[in-house]
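Asker: One structure is given below, represented as structure tokens, and several questions about it will come after.
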Amino acid sequence: MTTADRFRWLLRGVGQLLITAGVVVLLFCVYELKVTNLYTEQQQRTLDTQLTREWAEPPAPPTARAPARKPGQVQLAAFDDGAGIARIYLPTLGRDQVHVVVEGVSREDLKKGPGHYPGTADPGAVGNMVVSGHRTTYGAPFNRLDELHPGDAIVLESRAFFYTYRVTGTTVVSPDALGETDPVPNHPGEVATQRLLTLTTCNPKYSARTRLVVRALLETPLAKGTGVLPPALLGR
Amino acid sequence: MYSWIWRHLPGPLAVRLGQLLVLLAAAVALLFLVVFPRVEPLLPYSDVTVKQQPTASTPTP
């Protein structure tokens, strides 16, 4: 083999490696943006069926202990980690915008759907219910959270009630803005009197430099019954 | 690299093509089922919650 041959052989090897690396990166994008959605869709279907079945029966005593309350949080129910606890509707973003909220915000919990911070208020309760969800991967439930405006409805469906919340404002905060999860946001230890809902997701899209926070205030609880739907969900 | 693999596959053209497809499927499966799920947590865009950040500047609770 001449020096020129050797050089050509080496160059070809490097070229092939680079092309392979490019294909692997592309495949990773496909995995993140498509394959993770398939996982979440399947999990959401299972959770939705479970929730429907669970709500059709009388409430079972919880198997898990109620989590530690945040100071200022009045009362809490106990949910199993990773179990579906409610449905969340974002009717202004489209009729298909409904997700099952799971208990917990660990990596595994959030792969299943939007997660409820343990220790924050339950759906419709006094205090601040905090729910986090993926922006771009795993079903991207909170992909279009930035399109919510003050006055827009967010509906939570629990066992017995539809809770219609109205968006009061949107802020972009730093990832360590833990005060957003306080029962009275950013007033740690204060006793809550309002019924708030806080949604968080990463911001900007495909990044995690900041967090997008949407806050909403409970407008009306509506007892569930046959044919009963909150006005915000009518015409769906 | 690829020409080396191609040279070392046994059998006639059709059989070699079949083997190539199997190898390709195995490589993609390895990436999707093992490599990507492990790489994913290292990337930041799945951080959607607000929490105490593990940096020196934040006081521990």
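Computed from the coordinates by the stated procedures, all read-outs in this text should not be read as laboratory data. Only a predicted model underlies this, so the values are computations on that prediction, with no experimental measurement involved. Don't worry about glycine lacking a Cβ; one is built from the backbone with ideal geometry, like all the others, and counts go over all protein chains shown.
Asker: Normalising by the residue count of the stretch A:98-236, find the relative contact order in percent from Cα pairs under 8 Å and 6+ residues apart. Before the final figure, lay out each step's value.
Answerer: On the way: 321 pairs, mean separation 33.4, N = 139.
Once normalised by length, the contact order is 24 percent.
Asker: Find how much the distance from A:VAL24 to A:HIS187 grows on full extension, using 0.36 nm per residue of separation minus their present alpha carbon separation; answer in nm with one decimal.
Answerer: Working: separation 163, 0.36 × 163 = 58.68 nm, distance 4.71 nm.
Between A:VAL24 and A:HIS187, full extension yields 54.0 nm more.
Asker: Residues of A:22-32, mean number of Cβ from any other protein chain within 10 Å of their own Cβ, rounded to a whole number? Provide the component values of the computation, followed by the final result.
Answerer: Values: counts 0, 3, 5, 0, 0, 6, 7, 0, 4, 9, 6.
Partner-chain Cβ atoms within 10 Å, mean over residues of A:22-32: 4.
Asker: Rounded to the nearest 20 Debye, what is the dipole magnitude of chain A about its Cα centre when Lys and Arg each give +1 and Asp and Glu each give -1 at the C-beta? Can you show the working numbers first?
Answerer: Values: 25 positive and 22 negative charges, 125 e Å.
Charge dipole, chain A, about its Cα centre: 600 debye, nearest 20.
Asker: Then there's this: Could you work out the relative contact order of chain A? I mean the mean sequence separation of Cα pairs under 8 Å and 6+ apart, divided by the number of residues, in percent.
Answerer: Working: 496 pairs, mean separation 41.9, N = 236.
Averaging sequence separation for qualifying contacts and normalising by length gives 18 percent for chain A.
Asker: Can you check what the net charge comes to around A:GLU157, using other residues whose Cβ is under 10 Å from the Cβ of A:GLU157 (Lys, Arg +1; Asp, Glu -1)?
Answerer: Around A:GLU157, the charge tally is +3.
Asker: When only alpha-carbon atoms count, how far does the stretch A:114-236 stretch along each of its three principal axes, as whole angstroms with the largest first?
Answerer: Per principal axis, max minus min of the Cα coordinates gives 45, 34, 24 Å.
Asker: To the nearest whole percent, what portion of all C-alpha pairs in the protein assembly as shown is separated by more than 30 angstrom?
Answerer: On the way: 18562 of 43956 pairs.
Tail of P(r) above 30 Å: 42 percent of Cα pairs.
Asker: Looking at chain A, what % of its DSSP beta bridges pair antiparallel, to the nearest 5? Don't skip to the end; give the middle numbers.
Answerer: Details: 35 of 43 bridges.
Antiparallel: roughly 80 percent of the beta bridges in chain A.
Asker: Continuing with the same structure: Expected output is a single nm value to one decimal: the length gained when fully extending between B:LYS51 and B:LEU30, i.e. 0.36 nm times separation in residues minus the C-alpha distance. What is it?
Answerer: My answer for the length gained is 4.3 nm.
Asker: Grab the beta carbon distance between A:THR52 and A:TYR206, set R0 = 35 Å, and tell me the FRET efficiency rounded to 0.05. Working shown, then result.
Answerer: Details: r = 34 Å, r/R0 = 0.97.
The formula returns an efficiency of 0.55 here.
Asker: On average, how many beta carbons from a partner chain sit within 10 Å of the beta carbon of a residue in A:132-141? Don't jump to the answer; show the numbers that get you there.
Answerer: Numbers: counts 5, 2, 4, 4, 3, 5, 3, 0, 0, 1.
Neighbouring Cβ atoms belonging to other protein chains average 3 per residue here.
Asker: For the stretch A:148-219, what is Rg from Cα atoms divided by 2.2 N^0.38 Å, rounded to two decimals?
Answerer: Numbers: Rg = 13.1 Å, N = 72, 2.2 N^0.38 = 11.2 Å.
The stretch A:148-219 yields a ratio of 1.17.
Asker: So which lysines can A:LYS34 reach, going by Cα to Cα under 22 Å and dropping same-chain residues fewer than 8 places off?
Answerer: A:LYS111, A:LYS112, A:LYS205
Asker: Could you check the simple spin-label distance between A:LYS34 and A:ALA223, using points 7 Å along Cα→Cβ, in nm with one decimal?
Answerer: Simple spin-label model gives 5.0 nm for this pair.
Asker: A further question follows. Among A:PRO185, A:THR220, A:THR210, which residue has its Cα positioned farthest towards the positive end of the charge dipole of the stretch A:181-221, with +1 placed on the Cβ of Lys and Arg, -1 on the Cβ of Asp and Glu, and the dipole taken about the Cα centre?
Answerer: Selected residue: A:THR210.
Asker: Using a simple spin-label model with points 7 Å from Cα along the Cα→Cβ vector, what separation in nm is obtained for B:ARG16 and A:LEU93?
Answerer: 5.2 nm
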